[in-house]
Structures are given as structure tokens and as C-alpha cells.
Amino acid sequence: MSGEFTYALAFITGLLGAGHCIGMCGGLAGGFAMHQSHWRRPLPLLGYHGSRIAVYVLLGALGAALGRTLVQTGALGKFQGQLIILAGLVIIALGIGVAGLWPRLAPRRCDHNASTQPLRPMSLWRQRLAPMLAGIINGLVPCSLVFSVAIRATATADPLQAGLLMLSFGLGTLPAMGAVTALSGYIGCRARGIAQRLAGVAVIALGAWTVYEGVIFYQVMSGLAN
């Protein structure tokens, strides 16, 4: 059928939606990556984007199994709004650390030989678990583009097909979102002195924008839930 929503179309939607992805999720992804400068490496990036796309797949599969209400309900939207507000506040705190105003949250200096050294427990958290947790939060960011694709996917009423459609869409977002996190991680690693303070201010601004997006979305979803 000419109107069929195919895997290729889902992928192209993610690919061509790069500007929207960066506008909605760039602040969250860039803020975390700039503070966690080791995210310029493949493993943390894989953990971040893998868990982000996994959330898309889960939303599509559950939506097909339970009906469209899962992705349209105001209750879910309110939770997403609250989550993104919290994430924005965390990013602001990390930005204060990057700027050197909160030493406890200051990013570690880049160690280019770290890959040859055994991971300590905290390093294990920073390099493996933290990117995955941040990716899950990113996957739950209220995004009209994700919602529109998820609704098309859930219309199949087939959890497997819906999940694969969301996987195709998520893979299409990788070039843009991967570039944002890799570049932000590189900047966070290289920035020193005045440049580091400016980077911290940028992260704070990204966090503030994320909080603003969360507040607006929460207000909209609160109206739908009532």
C-alpha cells in the first residue's frame, strides 16, 4: 500500500528530523556529554544511544500491545515533563561544576591513557552505567517527532513490527545525535581556563532550556489529563 509506514520510511524520518532532534534533545545530550568528557569514546556513546533507542523500541512495542493510549495519554506526558525538568536541573548543576563554581561536580581531566588501566568502581559507573541512565532519560524526553512515529508504529497492532519501526527511526537519529554527543564530549575534554568557564555557562544554558521545555510540556499534558 502506498500509505504503508515502512522501515525505510521510519529511518528516513529519523534522518531528516535531525534539526528537530537537536532542538529537543541536544541540550540534554550535549550537557551530559560535555561534563562527562570521556563520552567522546565509543563505549559510552554506544551505551547512551543504545539505551535511548531501546526506550523508543519499548514504547512502540508496548503501544502496539496496549493500544495508542500509551503514547497519547496525558498521564504519561506529565511524567515525562517532570522527568525532563529534573534532568534539566541536573544539567544546570553539572554546568556549574564545569564552570568551576562547584568543585565537587567538576569534570575529571581527560586521561588519554585511561583505556589501558583497570576500571575502579566509580569509573565503571561513569563510563558504563551513567551513559545508559542518561540515554534512558533522553529516550523519555517529550518529543512530537517521536510521538508521531510511535503512533504510526502502534497502529500496526503488532508489537514486534512496531518495535522494529521504532528501531529504524532511532537508527536514523544516530548521525545527528551521535555528532552532538561526540562533539560535546570533545569540547568538554579540551576546554581549559576561560574556555572551560564558557563551556560551563553553555551547559547551564542548555539545562535551563531543558527545564523550560519540561515545564511547557508538563503544562500541556496536565490540561489533557484533567
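The values are calculated or read from the model by the stated rules, or taken from the named source; none is laboratory data. The structure displayed is predicted, hence computed values, not measured ones. Cβ: placed from backbone, ideal geometry, glycine included. Neighbour counts: every protein chain shown.
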Query raised in the report: Any chance the stretch 182-203 includes a residue that's surrounded by 15 or more Cβ atoms within 10 Å (Cβ to Cβ), of a type in the set (Val, Ile, Thr) and modelled with pLDDT of 85 or more?
Result: no
Query raised in the report: Would a scan of the stretch 60-72 turn up a residue that is under 16 Å from the mean Cα position of the chain (by Cα) and modelled with pLDDT of 80 or more?
Result: no
**Report entry** Near pairs, Cβ below 9 angstrom, 6+ apart or cross-chain, from the stretch 196-212 (without any contact (Cβ under 8 Å) to a residue 12 or more places away in the chain) to any residue that is of a type outside the set (A, V, I, L, M) and surrounded by 15 or more Cβ atoms within 10 Å (Cβ to Cβ)
**Finding:** none
Requested in this report: Within the stretch 131-145, count every residue that is within 12 Å of the chain's Cα centre (by Cα) and modelled with pLDDT of 80 or more.
Outcome: 10
